[in-house]
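This report refers to the structure that appears directly beneath it.
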Amino acid sequence: MYFDLNDKSSTLAKIALLCCVTISSSAFAKSATEIVILSDKQMRGDSSYTVSTMNIIRPDWTRSMSMKSWTKGQDLSLVLVTAPAKDKGSASLKRQKEMWNWIPSIERVIKIAPSMLSQSWMGSDFTNDDLINQSSIVVDYQHRLIEEQIIDGDNSYVIDAIAKPDAPVVWSKIRLWVSTESYLQRKVEFYDEFDDLVNTMETFDVKQMGGRLIATRMIMIPADKPGNKTEMLTHEAQFDFDIGDDFFSQSQMKALRD
């Protein structure tokens, strides 16, 4: 199509056409919130079961734990520690906005108060909030698409998730790198209320497991503790199976065995 740039009406027509093209192409683009929802669903599905190992790594020692995890939707999750012997049977439960830990050695259920969400889970670099309240990223934050970057060879959306006013969350801001192809989270940065970086999570070794692509290795690195990190390795995964809400209960949490 030809435009005479000396013709004012032709110039206006060209500008209008370019605007229409821009609007048309952007109309099909996913919003930041839609990307975050797809990412959350890719990680967990309608339901999920995983078998994994957590390696807590310090400059002068390393400790490993084995665990099984179940989730249903965005509101139900249960994590069971299966090894080592001294931690075996410990469990964490989330139902909607409430969370509990079961400590078999003292036979006590401890409710996790909002002030405890930022505390370390089982001595790792993951917090209680990170491990059993992950779906909060969808409902408790506003999302803004920043740009696209390459992470571990994977083109990724960069999205800032800003906590909604009065949301019961640990992190005031979370920056996510979400794969444009698989919608897996390839990198996540966690910021406190002063906008200081606290933790960084990176994901690796993307594989087909349980009928979908998942990152089978995650590493959480605290910003202010050189040499400290926690590695999570996923060995088995299943998704989108039938599981009742009553599975996610305090009685089930106490009764679960390896």
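No lab work stands behind these numbers, since they all come straight from the coordinates. These numbers were taken from a predicted model, which means no experiment stands behind them.
Some observations on this one:
- For segment 128-231, the relative contact order comes to 16 percent (Cα pairs under 8 Å, sequence separation of at least 6).
- Karplus (6.51, -1.76, 1.60) ³J(HN,Hα), θ = phi - 60°, over segment 69-78, in Hz, Gly and Pro reported as x: 9, 10, 9, 9, x, 9, 10, 10, 8, 8
- 0 to 90° range, to nearest 10: angle between helix 8-27 axis and the chain longest Cα axis: 20
- 3J(HN,Hα) from dihedral phi, segment 202-219, Karplus parametrisation 6.51/-1.76/1.60, rounded to Hz, x for glycine, proline: 10, 10, 9, 6, 6, 9, 7, 8, x, x, 8, 6, 9, 7, 8, 9, 10, 10
- For segment 117-169, the direction-averaged projected area of the alpha-carbon convex hull comes to 4.8 nm².
- To the nearest ten degrees, helix 32-44 and the longest principal axis of the Cα atoms of the chain are 30 degrees apart.
- Relative contact order of the chain, defined on C-alpha pairs under 8 angstrom at six or more residues apart (%): 20
- Using the rule -39500 (n - 2.57) for each DSSP H run of four or more residues, divided by the residues of the chain, the 222 nm mean residue ellipticity is -5500 deg cm²/dmol.
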